[in-house]
Amino acid sequence: MSTIFDVPGTNPPNPFSAPIQSILGTTGLPSEDDLSAQQLGKAAADLVTTVTASPDPANALWQLWDAFFIAVATSASYRSHLALLDALRAQPPTQPTNVTPGSDAERQLRSYTSDDGGKLLDWSALPRFSAQWRDFHDILEAYRDWDGVRGGASSSESSSPKLSSRPDEYFSRFCAFSAALVKATNGKGGVHPINVFYACRNVLERGTHQTHEQPRPHRMKPEEVWPLDIRVAATWVRDGGRALWETDKEELRRHWAVPLDSKTELWPKGDGLTQERWRLWADRLRSLGAEDGTLDEETRAVVTEAAAVVEGLLGENSD
C-alpha cells in the first residue's frame with residue numbers, strides 16, 4: 001500500500017518525506033544540476049543509516065520507498081531519482097543492531113536481509129524496492145481514472161479536498177520513471193522488463209476502448225482513459241523495449257509462461273513472445289499514431305518513437 005492518496009493528517013508523518021524532498025526537490029529539476037555525486041552519496045548514506053538504526057527496519061524500508069515513489073509520481077523529471085538509486089546501490093551492506101530479538105520487527109526483517117547468516121541489508125539489491133514498486137504501480141494503475149476528489153468513488157462531497165495533481169498524471173509519471181529505470185539498468189535495477197510486455201499486451205492487444213460498464217462517480221470516461229493507456233504503453237516499449245527484447249527467453253518462460261501464452265483479443269495464438277507478436281505491436285503503434293483526433297501531439301510523438309524502436313529491433317534480427 002501507499003499513503004499517496006491519503007488525506008493529509010490521517011497518518012503519522014513519514015520520517016523520510018522531508019529528506020527525500022530535500023534531496024530531490026518537489027519537481028526533480030533542481031537536483032539535476034546542483035547535486036554532485038558526493039552530495040548524493042552523503043544523502044544516500046544518511047538514508048541507509050536511518051533505516052539501519054531503526055528498531056523496525058522493515059517498516060523503515062516501507063517508509064523510505066513510499067516517500068521515494070511519491071516523489072517520483074509528483075515530479076516533472078526523474079533523472080535525479082535515478083541518480084539517487086545509483087547512490088543507494090553503492091552503499092555497503094549494513095546490519096541492523098536495534099531490533100529486539102524475537103520481535104515481530106525481527107521476523108519481518110528476515111524477508112529483506114541476506115540469507116547467508118549475516119542478516120545484512122544488501123543495498124546493491126535495494127531491499128524491498130521491487131515488491132513495493134509493484135504495489136505502488138498497481139495502486140496508481142487502479143486509480144488512474146479517478147478525478148482526484150478525496151474519497152474516490154465513494155465520495156459524494158463536491159467540496160472534498162483534491163489532490164495536488166490528477167491520478168492519471170501520477171500514473172503516467174511513475175511509468176515514465178519505471179521505463180527509464182529499465183532502460184538505464186537493462187532490466188537489472190529492480191523493475192523487470194516483463195512490465196513492458198504487460199503494458200503492450202493490456203493496451204496494444206485490445207481492439208477498442210469501448211465498454212458497456214456504467215459510468216462511475218468521480219471516474220474518467222473510458223474514451224478519456226484510452227489515450228493515457230496508449231501513451232503509457234508506448235513509453236514502456238520506447239524506453240524498455242530493448243531490455244525486454246534482450247531478456248533471456250528461458251527466464252521469461254520460467255517465471256511468466258502463463259501470461260506469455262494467454263490469448264488476447266488481437267493475439268489469439270497463445271504462443272508466447274514471438275517476433276510476429278512484436279510486429280503486431282509495431283503495427284498497432286503505427287495505426288494508433290495515425291488516428292486523427294484520438295491522441296494529442298505529444299502522445300502521438302511518443303507512439304511514433306515507440307513504433308520505430310520495435311521496428312528497429314525487428315530489423316536487427318533480420319540482418
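ARG89: at pLDDT 95 or above, under 24 Å from SER165 (Cα atoms) and surrounded by fewer than 20 Cβ atoms within 10 Å (Cβ to Cβ), yes or no?
no
Return the residues of the range 93-107 that are in a loop (DSSP other than H, G, I, E, B) and either surrounded by 12 or more Cβ atoms within 10 Å (Cβ to Cβ) or in contact with a Leu (Cβ under 9 Å, 6 or more places away or on another chain) (or both); say none if nothing qualifies.
PRO93, GLN95, PRO96, VAL99, SER103
Working only within the range 131-150, note down all residues that are touching a His at 6+ places or on another chain (Cβ under 6 Å) and open to solvent by 20 Å² or more (accessible area, probe 1.4 Å).
ASP147
From (1) open to solvent by 80 Å² or more (accessible area, probe 1.4 Å); (2) more than 20 Å from VAL191 (Cβ to Cβ); (3) of a type in the set (A, V, I, L, M, F, W, C), pick out the condition that doesn't hold for MET1.
Here MET1 meets the rest and fails (2).
Run down ARG242, ARG219 and say which single residue is open to solvent by 60 Å² or more (accessible area, probe 1.4 Å) and in contact (Cβ under 8 Å) with a residue 40 or more places away in the chain.
Matching residue, one of ARG242, ARG219: ARG242.
So for the range 58-69 (the condition being more than 30 Å from PRO217 (Cβ to Cβ), open to solvent by 30 Å² or more (accessible area, probe 1.4 Å), in contact with a Leu (Cβ under 7 Å, 6 or more places away or on another chain) and touching a residue at least 60 places away in the same chain (Cβ under 8 Å)), does at least one residue qualify?
no
Output the number of residues of the range 252-271 satisfying the condition of being touching a Gly at 6+ places or on another chain (Cβ under 8 Å) and either open to solvent by 100 Å² or more (accessible area, probe 1.4 Å) or of a type in the set (S, T, N, Q) (or both).
Total meeting the criteria: 4.
List pairs: first residue in the range 288-304 and farther than 19 Å from LYS221 by Cα, second residue open to solvent by 50 Å² or more (accessible area, probe 1.4 Å) and not in a loop (DSSP other than H, G, I, E, B) anywhere in the structure, Cβ distance under 6 angstrom, at least six positions apart or on different chains.
GLY289/ARG300; GLY289/THR304; VAL302/ARG231
The values are calculated or read from the model by the stated rules, or taken from the named source; none is laboratory data. As the structure is a computational prediction, the values presented were derived from the model and not from experiment. Every residue, glycine among them, receives a Cβ derived from its backbone with ideal geometry; neighbour counts consider all protein chains shown. Protein only, heavy atoms only, side chains kept; ligands, DNA and RNA dropped before computing areas. Shrake-Rupley method; radii C 1.70, N 1.55, O 1.52, S 1.80 Å.
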